[in-house]
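A.B. asks: Dropping the structure in here first, questions after.
The values are calculated or read from the model by the stated rules, or taken from the named source; none is laboratory data. All values reported here derive from a predicted model rather than from experimental measurement. Neighbour counts run over all protein chains shown; Cβ positions are idealised from the backbone, glycine included. For the accessible areas, the whole protein counts, side chains as well, though only heavy atoms, and no ligand, DNA or RNA atoms are used. Shrake-Rupley method; radii C 1.70, N 1.55, O 1.52, S 1.80 Å.
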Amino acid sequence: MRDETKCVHAGYQPKNSEPKMVPIVQSTTYVFDSAQDVSDVFDEPTKALIYSRFANPTVMAVEQKIAELEGGVGAMCTSSGQMASLMSILNLCKAGDSFICTSQVYGGTINLFAVTLKKYGVECIFVDAYADEETIAAAIQENTRLIFGETLANPALSVLDIEKFAKVAHAHGIPLIIDNTFATPILCKPFEFGADIVIHSTSKYMDGHAVQVGGVIVDSGNFDWTNGKFPEFTEPDHSYHGTVYVENYGKAAYIIKARIQLMRDFGAYPSANSAFLLNLGLETLALRMERYCQNAQAVAEFLETSDQVEKVIYPGLPGSKDYALAKKYLKGCSGVISFVIKGGREAAIQFMDALKLISIEVHVADIRTCVLHPATTTHRQLSDEQLVSAGIEPGLIRLSVGLEHSEDIIKDLSQSFANL
Ligand SMILES: *Cc1c(COP(=O)(O)O)cnc(C)c1O
């Protein structure tokens, strides 16, 4: 199946006289015929459903769809994108370990990695996404467990050279985890370029309608956990009567460990209702991504012609420093544009306040066009130094182009520029 078909059909194929739509299984628990049946599931928790803190049929249908879209062996949904990032790391790191993250990632990710995880003894070492292989390799230490980066960074919109990072990671026997939120599997499939694990905030394009907060982790099944660096995959897990993940679950070892260890203990699993809504969004994902790309391209070209704009950052513009990377890694540059308005912070605020159709929202990737000023909102917690390395100037506005007609979006931007 191609992506368009997977969006509509993957994950749930009803049989004779079953519901056409994936049913919302609003049940915390599941029944068993015998005491033996229930105790068996505690030895082999993937055999049957036990409890909706870590597995539910509605959520699992969506997980299957996303796994197929990314080309992975399995996926696990989480209650938010933040939780997907966190669990993707905690599935490999314990206190005393470190990992590498590119500087150009989502502000919430930077805070989680640099501030919160540090308190629990896991150290994040940041490297510039444009660093050469030697510089990246030099940051890897004995206790470094993985490299993390973002396909199309929010809001810097830099395009990650995934193959470069995969090469360095694999040369050191560690996996590459990619946050593919802005690209979605429609525009980029990081596994095809050597990434091992993909995460998403499903709150963005996958949902598309701003109705549910969620996340997902997808496992490519390609990483070799038996290389000696990951004993928790090759030695018995005593919380499951000695389960050895690579022996019991083969290629799905990482994603099953995440579910039956971390999700069982943390319980950050989405509700069936949220998964149902996410699935509705996914059904039109391929179609919507195409239009987001077209609309954003038209708006980016308009912004480039405005004399009130200092700089437009959109990798689909031929003058962009990431144009070549975008051509290599992306089928389209998605719907988010960053631009620097002349007049800095104050002009940015005044411009945003004068918009009529376009709303101010702490969100992106909605079907409705929206704007945000990262320096005073999502990235407020970052120091000026971190702001610069995340590619955020004081006059930077993040514009998430929606599915209205591009001419109406441009008309609103024009009237607001005229008002400055
Ligand atoms: C929004 C976002 C997140 C966090 O996701 P939530 O669903 O808001 O928790 C992570 N990564 C990227 C790239 C994002 O845009």
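A.B. asks: One residue is enough: does segment 98-106 have a residue meeting the conditions modelled with pLDDT under 95 and closer than 30 Å to Thr58 by Cα?
C.D. replies: yes
A.B. asks: Report, ordered by the first and then the second residue, all pairs with beta carbons closer than 7 Å, sequence separation of six or more or different chains, a first member in segment 106-124 that is part of a helix (DSSP H, G or I), and a second member that is open to solvent by 60 Å² or more (accessible area, probe 1.4 Å) and not small (Gly, Ala, Ser).
C.D. replies: Taking only residues 6 or more apart or on different chains, the pairs are Gly108/Gln82; Ile110/Gln386; Asn111/Gln381; Leu112/Gln82.
A.B. asks: Identify all residues within segment 344-377 that are outside any helix (DSSP H, G or I), in contact with a strand residue (DSSP E or B) (Cβ under 9 Å, 6 or more places away or on another chain) and among the small types (Gly, Ala, Ser); write none if there are none.
C.D. replies: Result: Ser359, Ala365.
A.B. asks: Would it be correct to say that Gln104 is within 16 Å of the ligand (Cβ to nearest atom) and open to solvent by 10 Å² or more (accessible area, probe 1.4 Å)? It would help to see each step written out before you state the result.
C.D. replies: Values: within 16 Å of the ligand (Cβ to nearest atom): yes; open to solvent by 10 Å² or more (accessible area, probe 1.4 Å): yes.
Yes, satisfied.
A.B. asks: Where residues in segment 202-248 are away from the ligand (no atom under 16 Å from the Cβ) and of a type in the set (Val, Ile, Thr), which of them is most open to solvent (accessible area, probe 1.4 Å)? Give the steps one after another, and end with the answer.
C.D. replies: Taking segment 202-248 first, the residues away from the ligand (no atom under 16 Å from the Cβ) are 219-248.
Adding the requirement that they be of a type in the set (Val, Ile, Thr) leaves 226, 234, 243-244, 246.
On the way: Thr226: 82, Thr234: 54, Thr243: 7, Val244: 16, Val246: 34 Å².
Filtering segment 202-248 for residues that are away from the ligand (no atom under 16 Å from the Cβ) and of a type in the set (Val, Ile, Thr), the one most open to solvent (accessible area, probe 1.4 Å) comes out as Thr226.
A.B. asks: Can you go through Thr46, Thr28, Thr5 and tell me which one is modelled with pLDDT under 95, among the β-branched types (Val, Ile, Thr) and open to solvent by 50 Å² or more (accessible area, probe 1.4 Å)?
C.D. replies: Numbers: Thr28 fails: modelled with pLDDT under 95; Thr5 fails: modelled with pLDDT under 95.
Just a single option satisfies the conditions, and that option is Thr46.
A.B. asks: I need the full set of residues from segment 186-201 which are away from the ligand (no atom under 16 Å from the Cβ), over 14 Å from Glu68 (Cα atoms) and open to solvent by 10 Å² or more (accessible area, probe 1.4 Å), in order please. First the steps, then the outcome.
C.D. replies: Step one: filter segment 186-201 for residues away from the ligand (no atom under 16 Å from the Cβ), giving 189, 191-194, 196.
Filter again for over 14 Å from Glu68 (Cα atoms), leaving 193-194, 196.
The answer is Phe193, Gly194.
Per-residue answers, yes or no, for (1) of a type outside the set (D, E, K, R); (2) open to solvent by 20 Å² or more (accessible area, probe 1.4 Å); (3) more than 16 Å from the ligand (Cβ to nearest atom):
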site: Val122; (1), (2), (3): yes, no, yes
site: Phe126; (1), (2), (3): yes, yes, no
site: Ala129; (1), (2), (3): yes, no, no
site: Asp132; (1), (2), (3): no, yes, yes
site: Ala139; (1), (2), (3): yes, no, yes
site: Asn143; (1), (2), (3): yes, yes, yes
site: Gly149; (1), (2), (3): yes, no, no
site: Pro155; (1), (2), (3): yes, no, no
site: Ser158; (1), (2), (3): yes, no, no
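A.B. asks: So which residues in segment 167-193 are within 18 Å of Thr226 (Cα to Cα) and more than 14 Å from the chain's Cα centre (by Cα), if there are any at all?
C.D. replies: Once the filter is applied, which keeps residues that are within 18 Å of Thr226 (Cα to Cα) and more than 14 Å from the chain's Cα centre (by Cα), segment 167-193 yields Ala169, His170, Ala171, His172, Gly173, Ile174, Pro175.
A.B. asks: I would also like to ask the following. So which residues in segment 68-78 are more than 16 Å from Tyr205 (Cα to Cα) and either in a helix (DSSP H, G or I) or among the small types (Gly, Ala, Ser) (or both), if there are any at all?
C.D. replies: Glu68, Gly71, Gly72, Gly74, Ala75
A.B. asks: Just name the residue that is most open to solvent (accessible area, probe 1.4 Å) out of those in segment 162-185 that are of a type in the set (A, V, I, L, M) and away from the ligand (no atom under 13 Å from the Cβ).
C.D. replies: Taking segment 162-185 first, the residues of a type in the set (A, V, I, L, M) are 162, 166, 168-169, 171, 174, 176-178, 183.
Adding the requirement that they be away from the ligand (no atom under 13 Å from the Cβ) leaves 162, 166, 168-169, 171, 174, 176.
Details: Ile162: 0, Ala166: 5, Val168: 8, Ala169: 0, Ala171: 83, Ile174: 1, Leu176: 1 Å².
Applying the filter and picking the extreme gives Ala171.
A.B. asks: Also: Tell me, yes or no, whether segment 33-49 has at least one residue that is in the same structural domain as Ile255 (by TED's automatic domain parsing), closer than 30 Å to Met289 by Cα, touching a residue at least 24 places away in the same chain (Cβ under 8 Å) and in a loop (DSSP other than H, G, I, E, B). I'd like the intermediate steps shown before the answer.
C.D. replies: As a first pass, look at segment 33-49 and keep what is in the same structural domain as Ile255 (by TED's automatic domain parsing): 33-49.
Subsequent filtering for residues that are closer than 30 Å to Met289 by Cα retains none.
No, segment 33-49 has no match at all.
A.B. asks: Is it the case that segment 164-177 has a residue that's assigned to a strand (DSSP E or B) and of a type outside the set (Asp, Glu)? Break it down into steps so the answer makes sense when it comes.
C.D. replies: Within segment 164-177, the subset assigned to a strand (DSSP E or B) is 176-177.
In the following step, the residues that additionally are of a type outside the set (Asp, Glu) were identified as 176-177.
Looking for residues that are assigned to a strand (DSSP E or B) and of a type outside the set (Asp, Glu), one finds at least one in segment 164-177, hence yes.
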